[in-house]
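Visitor: Pasting a structure below so you can have a look.
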Amino acid sequence: MNFFEQELHRIVAPKYPDATYVGRACYVRLNELNRAKIQFVTGIVANQYHALRISILNRNEGQVDALLLNLSDILGKKQTNNPNFKNGITPYIWDDYGKADWYVYHPNSRDYRQLTEAVSDYLEVFQEQTQTADPQWQQTM
């Protein structure tokens, strides 16, 4: 597994253990017709991966939706001991001529849980919902 596959695995596997990892992307089966493609993407700077792009792909209709999850929106600015970043840094992955790694700040387990939940919240919109006979709420007096 390359670095991007490893990082996607850390984010996706807790909720979707059967995901498939290929190159810099991850594929999740949502139902019979829909799949999700999750990948790290760059912005203005070509070698700085600052977001996750999630595309919902329908086997018959192609792409039906897409979302860009900025790491800064999910993780915010993080404090480091690095004197060059006294005000903190927004986490991103830097690809330095083929050697990718987190730049200055490395996410901790809480950060990965936040990313997992953000991805899962979006993907749940496209999964088949099951209704149960059990009430979702109870009135108490």
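Visitor: Using Cα atoms only, what is the angle between the long axis of helix 3-12 and the major principal axis of the chain, expressed in degrees (0 to 90) to the nearest 10?
Guide: Result, in degrees: 40.
Visitor: Here's another thing I want to ask about it. Among I44, I89, I11, which one shows the biggest mean-square fluctuation in a GNM of the chain, springs joining Cα atoms closer than 10 Å?
Guide: For the chain, modelled as a Gaussian network with Cα springs under 10 Å, the answer is I44.
Visitor: Let me ask another. For the chain, report the % of Cα-Cα distances exceeding 18 Å.
Guide: So the pairs more than 18 Å apart make up 60 percent of the total in the chain.
Visitor: May I pose another question? Expressed as a rounded percentage, what relative contact order does the chain have, with Cα pairs under 8 Å and six or more residues apart?
Guide: Reported relative contact order: 18 percent.
Visitor: Fewest to most neighbouring Cβ within 10 Å: what's the order for F85, F4?
Guide: Final ranking by Cβ density, sparse to dense: F85, F4.
Visitor: For the Cα atoms of the chain, what angle does the longest principal axis make with the long axis of helix 109-124, in degrees from 0 to 90, nearest 10?
Guide: Once rounded, the angle reads 40 degrees.
Visitor: If you don't mind, there's one more thing I want to ask. Between W94 and E5, what is the label-to-label distance in nm when each label sits 7 Å out along the Cα-to-Cβ direction?
Guide: 2.6 nm
Visitor: Which value in deg cm²/dmol, rounded to the nearest 500, describes the helix-derived mean residue ellipticity at 222 nm for the chain, given -39,500 (n - 2.57) per DSSP H run of n ≥ 4 and division by the residue count?
Guide: -6500 deg cm²/dmol
Visitor: Counting other C-beta atoms within 10 Å, which of E117, E61 has the fewest, and how do the rest follow?
Guide: Details: E117 14, E61 9.
Ordered by Cβ neighbours within 10 Å, fewest first: E61, E117.
Visitor: How about K37: which lysines have a C-alpha closer than 28 Å to its C-alpha, ignoring those fewer than 8 places off in the same chain?
Guide: The qualifying lysines are K15, K77, K78, K99.
All of the numbers you see were taken from the coordinates with simple rules; none came from a lab. Remember, it's a predicted structure, so these values are computed and weren't measured experimentally. A quick note on method: Cβ atoms are made from the backbone with ideal geometry, for glycine too, and the neighbour counts reach across all protein chains shown.
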